[in-house]
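Take a look at the structure below.
Derivation of every value follows stated rules applied to the coordinates shown; laboratory data play no part. Not measured: the values here are computed from a predicted model. No Cβ is skipped: glycine too gets one built from the backbone with ideal geometry, and neighbour counts run over all protein chains shown.
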Amino acid sequence: MSDTKEHILRVALKLFLQKNFKEVTMKDIVEHTKLSKGAFYHYFTSKEQLFEEVIDYFFADFMNADFSKYSQDSLAQFCRDYLDDVEDKIASGKKLVQHDDGVFTANHYFLMFDALKMLPSFKQKLMDHDINELNAWKKIVRTAKKNKEISTTMTDEQVAKLYIYVNDGFGIRLLLNDNMDYFATFRGELQKLFNEIYNLLKA
């Protein structure tokens, strides 16, 4: 991807987060990119096309995860890798959308709702991601049981969902919280909960 195209996507994403798809005009985006109309329209000819690519960009950078890169041998290390990835995504989001703009909040959900209404492919991406995430957790839980790292009567899926739902709950609170101190403590607080779950499961 060219630097110019990525610049347009980042600017457009920020605007779509500040407002919504309907409120943002192509004129707004062109002006905020500080590009000539000719340079801008070389990459995007409609707001719908731009929005679809913005959502793909948003999903790839801030939502998608390659679970195969996490530890496949230890649940404890898998949890650390998972938390590192969450922290990296928060850092990326903060760089893109500065806190003083007041948009690194629930507007991320509104952006996703717009995408779900307009882009059937985005819903499928979310579903595929959720399935991949659940399967990755189930796999490491199964390995941890086999290796006697943990011992529990809970099913692999129940343990997997426990970790996932704890993270999801924290994610919602993160987006709704307008206190920068919360961003600073997010990793530590989530890690404490993950550690407590692990200690309850540990053989």
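Observations on the model:
- Reciprocal mean inverse distance between Cα atoms of the stretch 3-57 - Kirkwood radius, Å: 10.9
- MRE, 222 nm, helices only [DSSP H, n ≥ 4, -39500 (n - 2.57), over the chain, to nearest 500]: -24500 deg cm²/dmol
- Packing rank of 159-166, 142-149, where each peptide gets the mean count of other beta carbons within 10 Å, highest leading: 159-166, 142-149
- Toward the positive end of the charge dipole of the chain, with +1 on the Cβ of Lys and Arg and -1 on the Cβ of Asp and Glu, the farthest Cα among 21, 76, 38 is that of 76.
- Tilt relative to the chain, helix 156-176 - C-alpha long axis, 0 to 90 degrees, to 10: 40
- Taking amide H as placed 1.01 Å from N in the peptide plane, residue 150 has its amide H under 5 Å from the amide H of 145, 203, each at least 5 places away in sequence or on another chain.
- In the chain, the longest principal axis of the Cα atoms and the axis of helix 120-146 are about 20 degrees apart.
- Note on the chain: Rg/Rh from Cα positions, Kirkwood definition for Rh, rounded to two decimals, is 1.04.
- Taking the C-alpha atoms only, the angle from helix 3-18 to the longest principal axis of the chain is near 80 degrees.
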